[in-house]
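> Here's a structure for you.
The values are calculated or read from the model by the stated rules, or taken from the named source; none is laboratory data. Computed from a prediction, not measured in an experiment: that's the story for all the values here. Every residue, glycine among them, receives a Cβ derived from its backbone with ideal geometry; neighbour counts consider all protein chains shown.
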Amino acid sequence: METSMSILIGVLFTIGTYLILTKSLLRIILGTSIISHGVNLLILTMGGLKTGGPPLLGQHDTTFTDSLPQALILTAIVINFAVTALFLVLSYRTYKTLGTDNMDKLRGMEDE
Amino acid sequence: MSWLHLMIFIPFIFAIFVPFVYKWFSGKVHTGWFVLAAPLAVFLYLLKYIPSISKGETLRLDLQWMPSLGINYTAYIDGLSLIFGLLITGVGALVVLYSIYYMSKEREALHNFYVYMLLFMGAMLGLVISDNILVLYVFWELTSISSFLLIAYWYQRKNSRNGAQKSMLITIFGGLAMLAGMIMLSMMADTYSIREMYGHVNRITEHPLFLPAMILILLGAFTKSAQFPFSIWLPDAMEAPTPISAYLHSATMVKAGIYLVARFTPVFGGTSEWFWIVSCIGLITLMYGSVNAVNQKDLKGLLAYSTISQLGLIMSLLGIGSASLYFGYGDESTVYAFAVLAALFHLINHSTFKGSLFMIVGIIDHETGTRDIRKLGGLMSLMPISFTLTIIGSFAMAGLPPFNGFLSKEMFFTGVLTVFESPVFGMKSLSLLFPIIAWVASVFTFIYCMILVFKTFMGKHRPERLDKEAHEAPIGMLIPPIILSCLVIVIFFFPNIVSDHLLQPALTAVLPQFAGTGGIEVKITPWHGWSTELFMTLGVIGFGVLMYRSLKKWSPLYGYFPQALTLNGIYNHSLAGMERISLILTKQYMTGFVRDYLVYIFTFMIFLLGWSLWLSNDISFDLSNNAPIHLYEGGVILAMLIAALTVLFSKSRFTAIIAVGALGYLVSLFFVIFRAPDLALTQLVVETVTAALFLLCFYHLPELRKERSSIPFKLTNLLVSLGVGTVVTLIALSANNHRLFESISSYFEDSYTLAGAKNIVNAILVDFRGLDTMLEILVLCIAGLGVYTLIKLQLAGKEKK
Amino acid sequence: MKPNDVILHSVTKVAVFIILTFSIYLFFGGHHNPGGGFIGGLSVASGLVLLYLTFDIETVRRNIPVDFKKVAAFGVLIAIFTGASSLLFDKPFLNQAFGYFNLPIFGKTELATAVLFDVGVALAVIGTAVTIILSISEDG
């Protein structure tokens, strides 16, 4: 399971990176979104998979999966939501103001 | 928090209130009157230490700051700190008083001026009173920064800005070198406390890092004290308002380097390297400063070079005196220790006469509108008080009786003669050079002192060349230099009061082996028979008068020195060169295209992570302790791969959004499989809201275009992304096979007793790591406000377009 | 032209009610079961977003006259103040306490300051999420 997850994470990172390196603002946002999924899964996988029950003390399990990565990821998900929103609005604003979503045309002035 | 600590912070506390005072009372009362209280209070407070310090006691007070790192704010007062503390606050009070009349309350931005000045004062006080070297370093850099602000006070002028930049570049460079040296020192001595280092001198001396640490710390001291070849910032710093020049360059800023050398003499002194470097650099600086001072046309420039030369004098004396540590305790040691006493004495004397001279030059500038020696002349009858004060100051600087400069100059000659008479460190042949250089430099010193007096006040008065009608300054402006000049004379007649109460305790601080006897047996007297020193002084006067008379004949010689070879020329060239090279370099990689920067970042990441993986030899594939994989889990993985690829290849934005959404829901499925119910819930909701967000935004955005890029462009992207993917996979695999230590989560599993919660994840979020969560929601809020402002507040740029 | 969306309206009315109830359950269950401030806040936000999408913004605003930016700021303030309140008892910042009390109706109940902190988290999340969605959708 861990091995296949690692490969999946690798693929997610590859696709995310490729999208980030393209010229279109939309693809860049989609790429960051995919990479963040990859990161969350990476943290979870690094903590070990299925090593016990869910980290709830009320249940009958006596061993639990690592709870620390979960807490980390929980915050990461929420922050990621905020960042994605900011990104989206930034690109939307950019498009509205400058009339393009092509990164090539968005570069700074020559004389700067 | 003791009174002493409070006293150090008083300038900072005052600095906080200065802008308010300025605002409330501007136009009515000069802000300086309020500021004056700060140095005066600290000065009076420090005075009360004189009795106990002169008995040989020291005072050490701890204030915990970062106890876990061994960094505490330890205030330590001994003779050396006390001298500096008194100079900083005493001259500080006089300078503030002077500035009240010098700086117009209508025209100048006084709040800035006094805030900078108080910052500087507090930093200097902290510097001389702290025992911890890291705290000392912090104050050291604070003096650099605040002096930068002070020099650039008239920032509208280009010269001010350049001068400030120069002083900043040079002193910060030295400060950083000093920091490196101090860290080395603390590694050798295993402590941050200077006092504790004195106990480990043997270990430090034998350590291989001894010489590098010494040179680095000396770099700091030399840059600050404007020693050759770092002296170039000082003349340019004369662009500052004159009260600042008087403060920075007579009593404080430049003396910080002297303080550092004196403070570290017990650690490094007694070795031949220290002796040679400090004394030779000092002598070279002395010579360089005095020779150049003669050629100056600007009165302040003249004083600047004279300051450089006087600092060189003090520095060389400290270097010579350090040999005393080599001899331990005995007659020879006492002879050399005399040089340290001379250095400390001259330190005080220099502050008095140079402070007064700077103030007089300020007065001349203020009342005539120029400082150019060629335009001035014949002011004696117009400004009689200033003239008298100048005579006192310059003659003291030239080393004439009955002024204190005469005493310390004589002691300086004794010091260099000591080197000649009882040479150390195998320098028999060179020892004659010490008195010769000292004597020649003194001749030049004599000449520029005469220029200062006679070219300004004697000769023919030519009012047509002056911007204003010259007249005597208001009495308030004259009081500070009068006080200093009185000190110049009083110290000449009662040198031993100063010596017993201030110099001897400071001497024991610099040379700890005399601490038992409370200093060395010495009486400073103006007259000690027809000694060599006296003949040297007479020679200086005689030869100096001759040279001054023939100044016109030999001064054109200065013009023959090639401009490109001056230190300033080298500095300017190297600065311009650095700017040019960095511009060329920067243009190479700063393309203005975000994608390129991302490629750098990702490539760097691939190499850094891959390299460290390779180095630690941790790449391994061990499938044995994998969790079992079920068929439906395989299905989910496959579905995720398909979704991700769909995003990559989709031509329509809606397909892409839906695929990304699907990816998110699949991830939440994984969270269910991996026993993370909280994550699954959160992911589900977030994914829903994000999808709505995407749809809302994409409604306004254009359709996805087909990427029209060149093959190399795409190939680079492909390679980089493949690299990132591979490295991440390798890391994930290696992480699974190498558990370096047990997970710390077992602690959190006790959450029911610790936090009364059965949901461990939530307990971590709200209790164990509550601070993280708090900051996270803060970030969340900021992002929300960012979105809001981006949408609601139209940027001004839009209207322009 | 006004689209005929009676079904959407009716379903939403019920759905929002269920979502909000469930969110509150999630929020209070967070101490012992899956849930908590983040999830509770997010699901409340999603319910509100559903309302805004179904009915127009003006209608909802008339019925829920709340400035969600202020809600977010208020949430952060609550979190900070519950954290700072532990300073009054000479405990480190953000030290949480809990105890068991006998309440009239609920019987033996656990009360924890962590729940107050969680209220702050939930409010911050609700405020931020709704602010983001609203700002985008209002801009045409």
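> Residue check, A:LEU25 against (1) within 7 Å of another protein chain (Cβ to nearest Cβ); (2) surrounded by fewer than 24 Cβ atoms within 10 Å (Cβ to Cβ); (3) modelled with pLDDT under 85, all met but one. Which one?
The failed condition is (1).
> Let me ask something additional. What pairs come out if I take residues in segment B:466-489 that are free of Cβ contacts under 8 Å to residues at least 24 places away in the same chain and pair them with residues that are not small (Gly, Ala, Ser) whose C-beta lies under 8 Å away, six or more apart or interchain?
B:GLU469/B:PRO463
> OK, next. Considering only segment B:349-378, state which residues are crowded, with 20+ Cβ neighbours inside 10 Å and in contact with a strand residue (DSSP E or B) (Cβ under 7 Å, 6 or more places away or on another chain).
Listed by number, the list holds a single entry, B:ARG371.
> Condition (residue is buried (at least 21 other Cβ atoms within 10 Å of the Cβ), touching a residue at least 24 places away in the same chain (Cβ under 8 Å) and facing chain A (nearest Cβ under 9 Å)) applied to segment B:707-716: is it met by at least one residue?
No, segment B:707-716 has no match at all.
> Among the listed residues B:THR682, B:THR688, B:THR753, B:THR729, which satisfies the condition of being more than 8 Å from chain A (Cβ to nearest Cβ), over 46 Å from the mean Cα position of the chain (by Cα) and either over 29 Å from C:GLU138 (Cβ atoms) or crowded, with 23+ Cβ neighbours inside 10 Å (or both)?
One residue alone meets the criteria, B:THR753.
> I'd like the residue in segment B:490-544 that is of a type in the set (S, T, N, Q) and in contact (Cβ under 8 Å) with a residue 60 or more places away in the chain and, out of all such residues, is farthest from B:HIS346 (Cα to Cα).
Within segment B:490-544, the first condition is being of a type in the set (S, T, N, Q), and the residues that meet it are B:496, B:499, B:504, B:508, B:513, B:517, B:525, B:531-532, B:537.
Now drop any that are not in contact (Cβ under 8 Å) with a residue 60 or more places away in the chain, which leaves B:499, B:504, B:508, B:513, B:532, B:537.
Working: B:SER499: 11, B:GLN504: 14, B:THR508: 17, B:GLN513: 22, B:THR532: 20, B:THR537: 16 Å.
This residue is B:GLN513.
Results for (1) surrounded by fewer than 16 Cβ atoms within 10 Å (Cβ to Cβ); (2) more than 47 Å from the chain's Cα centre (by Cα); (3) at pLDDT 75 or above; (4) facing another protein chain (nearest Cβ under 7 Å), shown as yes or no for each residue.
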site	(1), (2), (3), (4)
B:HIS738	yes, no, no, no
B:SER746	yes, yes, no, no
B:ILE760	no, yes, yes, yes
B:ILE764	no, no, yes, yes
B:ASP767	no, no, yes, yes
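> Hey, does segment B:14-34 have a residue that's outside any helix (DSSP H, G or I), touching a strand residue (DSSP E or B) at 6+ places or on another chain (Cβ under 7 Å) and modelled with pLDDT under 85?
For segment B:14-34, residues outside any helix (DSSP H, G or I), touching a strand residue (DSSP E or B) at 6+ places or on another chain (Cβ under 7 Å) and modelled with pLDDT under 85: absent.
> Here is a further query. If I go through segment B:385-403 residue by residue, how many of them are over 30 Å from B:HIS471 (Cβ atoms) and surrounded by 23 or more Cβ atoms within 10 Å (Cβ to Cβ)?
Result for segment B:385-403: 1.
> How many of the residues making up segment C:39-52 are facing another protein chain (nearest Cβ under 7 Å) and out of contact with any Ser or Thr (no Cβ under 6 Å at 6 or more places or on another chain)?
The qualifying residues number 3.
> Which ones in segment A:77-105 are in contact with a strand residue (DSSP E or B) (Cβ under 9 Å, 6 or more places away or on another chain) and within 7 Å of chain B (Cβ to nearest Cβ)?
Those that are in contact with a strand residue (DSSP E or B) (Cβ under 9 Å, 6 or more places away or on another chain) and within 7 Å of chain B (Cβ to nearest Cβ): A:ASP101, A:MET103.
> Exactly one condition in (1) modelled with pLDDT under 85; (2) surrounded by 12 or more Cβ atoms within 10 Å (Cβ to Cβ); (3) part of a helix (DSSP H, G or I); (4) within 14 Å of chain A (Cβ to nearest Cβ) is false for B:ILE619; which is it?
(3)
> Conditions first: (1) in contact with a Lys or Arg (Cβ under 7 Å, 6 or more places away or on another chain); (2) modelled with pLDDT of 80 or more. C:PHE55 passes all but one, so which condition is the exception?
Just one mismatch for C:PHE55, condition (1).
> List pairs: first residue in segment B:603-615 and in a helix (DSSP H, G or I), second residue among the hydroxyl-bearing types (Ser, Thr, Tyr) anywhere in the structure, Cβ distance under 7 angstrom, at least six positions apart or on different chains.
Within 7 Å, the pairs are B:LEU613/B:SER734.
> May I ask you to list the residues in segment A:53-76 that are within 7 Å of chain B (Cβ to nearest Cβ), surrounded by fewer than 20 Cβ atoms within 10 Å (Cβ to Cβ) and in a loop (DSSP other than H, G, I, E, B)?
A:LEU57, A:GLY58
> Looking at (1) in contact (Cβ under 8 Å) with a residue 40 or more places away in the chain; (2) assigned to a helix (DSSP H, G or I), which is the only condition B:ARG203 fails?
Checking B:ARG203 against (1) in contact (Cβ under 8 Å) with a residue 40 or more places away in the chain; (2) assigned to a helix (DSSP H, G or I), the one that fails is (1).
> Can you give me the ranges of the helices (runs of 4 or more DSSP H) entirely in segment B:77-173 with at least 2 residues that are within 16 Å of the chain's Cα centre (by Cα)?
B:110-129, B:133-151
> Can you tell me which residue among B:PHE654, B:PHE670 is within 30 Å of A:GLN59 (Cβ to Cβ), away from chain C (no Cβ under 14 Å) and free of Cβ contacts under 8 Å to residues at least 60 places away in the same chain? Don't jump to the end; show me each part of the working.
Details: B:PHE654 fails: within 30 Å of A:GLN59 (Cβ to Cβ).
Testing whether each residue is within 30 Å of A:GLN59 (Cβ to Cβ), away from chain C (no Cβ under 14 Å) and free of Cβ contacts under 8 Å to residues at least 60 places away in the same chain leaves just B:PHE670.
> Tally up the residues in segment B:463-499 that are outside any loop (DSSP other than H, G, I, E, B) and either hydroxyl-bearing (Ser, Thr, Tyr) or crowded, with 16+ Cβ neighbours inside 10 Å (or both), please.
Residues in segment B:463-499 being outside any loop (DSSP other than H, G, I, E, B) and either hydroxyl-bearing (Ser, Thr, Tyr) or crowded, with 16+ Cβ neighbours inside 10 Å (or both): 15 in total.
> What's the number of the condition C:THR109 fails, among (1) in a loop (DSSP other than H, G, I, E, B); (2) at pLDDT below 70?
(1)
> Then there is this: Pairs please, first residue from segment B:65-76 and closer than 9 Å to B:VAL135 by Cα, second anywhere and at pLDDT 75 or above and among the polar types (S, T, N, Q), Cβ atoms under 8 Å, 6+ apart in sequence or on different chains.
Hits for this filter: B:ILE71/B:ASN132; B:ASN72/B:ASN132; B:TYR73/B:SER130; B:TYR73/B:ASN132; B:THR74/B:SER130; B:THR74/B:ASN132; B:THR74/B:SER193.
> Right, here's the next one. Regarding A:GLY48, is this residue more than 7 Å from chain B (Cβ to nearest Cβ) and within 12 Å of the chain's Cα centre (by Cα)? Step through it out loud before you land on a result.
Numbers: more than 7 Å from chain B (Cβ to nearest Cβ): yes; within 12 Å of the chain's Cα centre (by Cα): no.
Against the criterion (more than 7 Å from chain B (Cβ to nearest Cβ) and within 12 Å of the chain's Cα centre (by Cα)), A:GLY48 does not qualify.
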